[in-house]
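The values are calculated or read from the model by the stated rules, or taken from the named source; none is laboratory data. What you see is a predicted model, and the numbers here were worked out from it, not measured in a lab. Backbone-built Cβ (ideal geometry, glycine too); neighbour counts: all protein chains shown. These area figures cover heavy atoms from the full protein model, side chains too; ligands, DNA and RNA do not enter into them. Shrake-Rupley method; radii C 1.70, N 1.55, O 1.52, S 1.80 Å.
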Amino acid sequence: MAADGGGWKIAFQSGSFAAADIVIAADGANSKIRPYLTGIKPFYTGLTAIEAVVYDAAINTPRIHRLLKGGKIFAFGESKSLIVSSKGDGSLAFYAGRKISEHGYRDSGVDFSDPAQARFAVEQEFASWDSIWLELFAHATSWTLRPQYCMPLDQAWDALPNLTMLGDAAHLMPPYAGEGANMAMLDALELSLALLSAEFEDVHTAIAHYEKNMRERAKAAMAMTLESMEQLHSPSAIDYMTQIIGSGEAWERD
Ligand SMILES: Cc1cc2nc3c(=O)[nH]c(=O)nc-3n(C[C@H](O)[C@H](O)[C@H](O)COP(=O)(O)OP(=O)(O)OC[C@H]3O[C@@H](n4cnc5c(N)ncnc54)[C@H](O)[C@@H]3O)c2cc1C
């Protein structure tokens with residue numbers, strides 16, 4: 001992307017170009033456009049998850065499939081988490097999370113591109129858990145290490161008149177409070193309202209207004225996420241989760 005008059009010229013890998021008066025970066029955690037606004041980078045949160053997929057879950061992991069019932073499983077123990085999600089195509093995905101240094105798995109010599117090594121590493125991690133989880137690991141594929149990063153809570157930058165961002169590009173956070181997509185959708189709504197509002201004298205002011213509110217809102221969500229991540233990877237994770245579900249039930253009743 002390069003400045004072009006008052007706007008931007010964007011080059012795509014395909015060789016095509018686009019001209020834009022305003023660019024809204026919605027290109028996720030590894031945004032290529034964010035650096036045009038700020039050099040602030042995400043920090044490592046101290047937790048890494050191992051992600052993998054099981055296809056045809058009903059056939060390959062029948063016990064877990066029956067437990068899932070098309071929904072999610074959150075399992076906790078020994079300060080580790082195992083989050084299993086049903087997918088619409090009959091597959092399931094799981095995230096096995098634990099606190100470890102940023103390059104802890106790499107330094108331990110496990111090559112996660114080798115499914116046999118990845119499976120062995122996870123089986124070691126959960127060796128003391130119930131044997132039901134073993135069928136999950138035995139049939140898993142697409143193993144990926146996911147070190148969890150978060151944008152600094154106090155991040156700030158000067159608004160530009162023709163460039164802004166939303167979603168993970170603006171406020172990447174781990175998934176342990178389930179707020180990332182919610183924030184991204186609210187960003188889109190608030191940004192569009194600001195851009196269309198007669199309240200602001202120009203686009204620059206509208207973007208500055210949106211970004212100020214977005215950063216405040218994201219700061220609260222990121223703080224809640226880091227607190228939740230900490231609690232869910234502590235010895236009292238089950239108590240914490242039970243309390244959240246309990247308060248949710250109370251909210252529904254009210
Ligand atoms: C395991 C897990 C569970 C989650 N659970 C929840 C939850 O329960 N609730 C919740 O609210 N959030 C949840 N999230 C977070 C949520 O998925 C993200 O916050 C959300 O997807 C961010 O949306 P986004 O549009 O900003 O980025 P993305 O969804 O990452 O979309 C960015 C898009 O930009 C495209 N792109 C990137 N670079 C380029 C490029 N150079 N050129 C063209 N296109 C590009 C990508 O292909 C992608 O389609 C979870 C995340 C994970 C990993």
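Derived scalar couplings between HN and Hα for the range 206-214 equal 5, 5, 4, 5, 4, 5, 4, 5, 4 Hz in order, rounded to whole Hz, by the Karplus curve 6.51 cos²θ - 1.76 cosθ + 1.60 (θ = phi - 60°), x for Gly and Pro.
Compute the relative contact order of the chain as a whole-number percentage, counting only Cα pairs closer than 8 Å that sit 6 or more residues apart in sequence. Once normalised by length, the contact order is 23 percent. Label zone (residue 99, point 7 Å along Cα-to-C-beta; backbone nitrogen cut-off 15 Å) within the range 117-149: 148. Extension gain, residue 59-residue 2: 0.36 nm per intervening residue step, less the Cα-Cα distance, totals 15.4 nm.
Across the range 189-203, rounded Karplus estimates of 3J(HN,Hα) from the backbone phi angles (6.51 cos²θ - 1.76 cosθ + 1.60, θ = phi - 60°) give 5, 5, 5, 5, 5, 5, 5, 8, 6, 7, 5, 9, 6, 7, 4 Hz, Gly and Pro being marked x.
Within the accessible surface of the chain, defined with a 1.4 Å probe on protein heavy atoms only, the carbon and sulfur portion equals 55 percent. A run of the chain free of exposed loop cleavage sites, with GluC sites (Glu not before Pro) counted only in DSSP states other than H, G, I, E and B and at most 11 other beta carbons within 10 Å, reaches its longest extent at 1-198. For a modelled paramagnetic label at residue 10, 7 Å from Cα along Cα-to-Cβ, the residues of the range 155-187 in reach, with backbone nitrogen under 13 Å, are 163-166. Computed on the range 44-150, with alpha-carbon pairs under 8 angstrom and 6+ residues apart, the relative contact order is 41 percent. For the chain, the solvent-accessible area works out to 54 Å² per residue, with a probe of 1.4 Å and every protein chain left in place. On a per residue basis, the convex hull of the C-alpha atoms belonging to the chain measures out at 172 Å³. Taking a point 7 Å out from the Cα of residue 40 in the direction of its Cβ, the residues of the range 160-203 whose backbone N falls within less than 15 Å of it are 160, 164-173. Quick check on my link table: of 72/99; 32/212; 41/69; 41/212; 9/219; 9/87, which ones sit more than 28 Å apart, alpha carbon to alpha carbon? Checking Cα-Cα distances, 41/69; 9/219; 9/87 exceed 28 Å.
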